[in-house]
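Please read the structure below before turning to the comments.
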Amino acid sequence: MSADDTDATAKSEIVFIMTEEKKALLPYGTSPSFPAIEVTYTAEWDGHLAGKARDTITARAEEIKTDYSELSQLAKDTEFVNAIEKRFEVQVGKDYYVYERERGLKFLSIIAPHEWTVATQPHQYHGWFRLSPDGTWIRNPE
(Lines give C-alpha, C1' and ligand atoms only; values in the text may rest on other atoms or scores of the structure.)
Protein backbone atom coordinates (compact mmCIF):
# COMPACT_ATOMS: atom_id res chain seq x y z
CA MET A 1 0.00 0.00 0.00
CA SER A 2 1.45 3.34 -0.98
CA ALA A 3 1.53 6.52 1.07
CA ASP A 4 -1.17 8.02 -1.16
CA ASP A 5 -3.47 5.03 -0.46
CA THR A 6 -2.91 5.41 3.30
CA ASP A 7 -3.74 9.13 3.16
CA ALA A 8 -6.89 8.44 1.13
CA THR A 9 -8.03 5.78 3.64
CA ALA A 10 -7.45 8.15 6.59
CA LYS A 11 -9.36 10.94 4.84
CA SER A 12 -12.30 8.64 4.12
CA GLU A 13 -12.41 7.55 7.77
CA ILE A 14 -12.44 11.17 8.88
CA VAL A 15 -15.26 11.96 6.45
CA PHE A 16 -17.19 8.93 7.71
CA ILE A 17 -16.74 9.98 11.36
CA MET A 18 -17.79 13.54 10.62
CA THR A 19 -20.79 12.30 8.68
CA GLU A 20 -21.83 10.00 11.56
CA GLU A 21 -21.54 12.90 14.01
CA LYS A 22 -23.65 15.08 11.74
CA LYS A 23 -26.24 12.34 11.33
CA ALA A 24 -26.88 12.37 15.06
CA LEU A 25 -27.81 16.03 14.86
CA LEU A 26 -30.33 15.73 12.05
CA PRO A 27 -34.02 16.13 12.96
CA TYR A 28 -35.00 13.14 10.80
CA GLY A 29 -33.97 9.55 10.25
CA THR A 30 -31.03 9.03 7.89
CA SER A 31 -32.24 5.79 6.39
CA PRO A 32 -35.66 4.79 5.03
CA SER A 33 -35.95 2.16 7.77
CA PHE A 34 -35.39 4.70 10.59
CA PRO A 35 -38.41 6.46 12.04
CA ALA A 36 -38.60 10.23 11.92
CA ILE A 37 -37.13 11.93 14.98
CA GLU A 38 -39.58 14.25 16.67
CA VAL A 39 -38.73 16.67 19.42
CA THR A 40 -40.98 15.91 22.36
CA TYR A 41 -42.51 18.27 24.89
CA THR A 42 -39.53 20.00 26.57
CA ALA A 43 -41.29 22.68 28.60
CA GLU A 44 -41.59 20.27 31.54
CA TRP A 45 -37.82 19.65 31.49
CA ASP A 46 -37.16 23.39 31.17
CA GLY A 47 -39.45 23.98 34.14
CA HIS A 48 -37.58 21.33 36.13
CA LEU A 49 -34.24 22.98 35.35
CA ALA A 50 -35.59 26.43 36.21
CA GLY A 51 -36.94 25.11 39.51
CA LYS A 52 -33.65 23.44 40.31
CA ALA A 53 -31.74 26.64 39.53
CA ARG A 54 -34.19 28.69 41.62
CA ASP A 55 -33.78 26.32 44.58
CA THR A 56 -29.98 26.46 44.32
CA ILE A 57 -29.94 30.26 44.14
CA THR A 58 -32.42 30.58 47.00
CA ALA A 59 -30.37 28.24 49.20
CA ARG A 60 -27.16 30.16 48.44
CA ALA A 61 -28.91 33.49 49.13
CA GLU A 62 -30.03 32.15 52.52
CA GLU A 63 -26.44 31.08 53.29
CA ILE A 64 -25.20 34.57 52.39
CA LYS A 65 -27.94 36.14 54.51
CA THR A 66 -26.95 33.97 57.48
CA ASP A 67 -23.24 34.71 56.96
CA TYR A 68 -23.98 38.43 56.79
CA SER A 69 -26.05 38.26 59.97
CA GLU A 70 -23.27 36.41 61.82
CA LEU A 71 -20.62 38.83 60.54
CA SER A 72 -22.75 41.80 61.51
CA GLN A 73 -23.19 40.40 65.04
CA LEU A 74 -19.43 39.75 65.28
CA ALA A 75 -18.74 43.37 64.30
CA LYS A 76 -21.21 44.67 66.91
CA ASP A 77 -19.75 42.46 69.66
CA THR A 78 -16.18 43.44 68.76
CA GLU A 79 -17.06 47.13 68.78
CA PHE A 80 -18.93 46.71 72.07
CA VAL A 81 -16.05 44.99 73.90
CA ASN A 82 -13.35 47.21 72.39
CA ALA A 83 -15.19 50.30 73.71
CA ILE A 84 -14.93 49.02 77.30
CA GLU A 85 -12.08 50.31 79.45
CA LYS A 86 -9.68 47.50 80.27
CA ARG A 87 -7.43 47.68 83.31
CA PHE A 88 -5.37 44.64 82.36
CA GLU A 89 -3.84 43.16 79.24
CA VAL A 90 -6.25 40.84 77.45
CA GLN A 91 -4.94 37.59 75.97
CA VAL A 92 -6.03 35.68 72.91
CA GLY A 93 -8.09 32.59 73.67
CA LYS A 94 -9.03 33.58 77.23
CA ASP A 95 -12.61 33.98 78.45
CA TYR A 96 -13.78 37.41 79.60
CA TYR A 97 -17.07 38.58 81.03
CA VAL A 98 -18.68 41.99 80.60
CA TYR A 99 -20.52 43.55 83.53
CA GLU A 100 -22.07 46.91 84.30
CA ARG A 101 -21.92 48.77 87.59
CA GLU A 102 -24.91 50.62 89.01
CA ARG A 103 -23.59 53.91 87.64
CA GLY A 104 -23.66 52.48 84.09
CA LEU A 105 -19.92 51.94 83.77
CA LYS A 106 -19.15 48.71 81.89
CA PHE A 107 -16.07 46.66 82.74
CA LEU A 108 -14.31 43.52 81.58
CA SER A 109 -13.59 40.77 84.08
CA ILE A 110 -12.09 37.29 84.23
CA ILE A 111 -14.58 36.34 86.95
CA ALA A 112 -17.53 34.25 85.73
CA PRO A 113 -21.07 35.17 86.90
CA HIS A 114 -21.35 32.13 89.22
CA GLU A 115 -18.07 33.05 90.98
CA TRP A 116 -19.35 36.35 92.43
CA THR A 117 -20.69 36.58 95.98
CA VAL A 118 -24.02 38.26 96.64
CA ALA A 119 -22.27 41.27 98.17
CA THR A 120 -19.85 41.77 95.24
CA GLN A 121 -22.19 40.87 92.35
CA PRO A 122 -22.16 43.61 89.67
CA HIS A 123 -25.41 45.32 88.76
CA GLN A 124 -25.82 43.77 85.29
CA TYR A 125 -24.17 40.99 83.25
CA HIS A 126 -23.73 41.58 79.46
CA GLY A 127 -22.11 38.40 78.18
CA TRP A 128 -19.20 36.04 77.92
CA PHE A 129 -16.59 36.77 75.23
CA ARG A 130 -13.34 35.33 73.92
CA LEU A 131 -10.64 37.26 72.07
CA SER A 132 -9.75 35.56 68.80
CA PRO A 133 -6.31 35.72 67.11
CA ASP A 134 -7.63 38.11 64.45
CA GLY A 135 -8.62 40.66 67.12
CA THR A 136 -12.38 40.05 67.03
CA TRP A 137 -14.41 39.31 70.14
CA ILE A 138 -16.56 36.20 69.83
CA ARG A 139 -19.65 35.98 72.01
CA ASN A 140 -19.89 32.54 73.63
CA PRO A 141 -23.29 30.91 73.95
CA GLU A 142 -24.66 30.95 77.45
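For the reader, a short list of remarks on this structure follows.
- Per-residue accessible area (protein heavy atoms, 1.4 Å probe) orders LEU74, LEU105 as LEU105, LEU74, starting from the largest.
- Probe 1.4 Å, accessible area per residue of segment 52-123, Å²: 78
- Sorting ARG54, ARG60, ARG130, ARG87 on solvent-accessible area from highest to lowest, probe radius 1.4 Å, gives ARG87, ARG54, ARG60, ARG130.
- For segment 69-76, 3J(HN,Hα) per residue [Karplus equation, 6.51 cos²θ - 1.76 cosθ + 1.60, θ = phi - 60°, Hz, x = Gly/Pro]: 4, 5, 5, 4, 5, 4, 5, 5
- Neighbour cut-off at most 16 other Cβ (10 Å), DSSP loop, chymotrypsin sites (Phe, Trp or Tyr not before Pro), segment 40-142: TYR41, PHE88, TRP116
- Filtered GluC sites (Glu not before Pro), segment 28-126: DSSP coil and at most 13 other beta carbons within 10 Å: GLU38, GLU85, GLU89, GLU102
- A full extension of the chain between ALA83 and HIS48 corresponds to an added length of 7.4 nm, given 0.36 nm per residue minus the alpha carbon distance.
The values are calculated or read from the model by the stated rules, or taken from the named source; none is laboratory data. Nothing here was measured: the structure is a model prediction, and the numbers come from that model. Positions of Cβ are generated from backbone atoms using ideal geometry, with glycine treated the same way; all protein chains shown enter the neighbour counts. Surface areas here come from the heavy atoms of the whole protein model, side chains and all, with no ligands, DNA or RNA. Shrake-Rupley method; radii C 1.70, N 1.55, O 1.52, S 1.80 Å.
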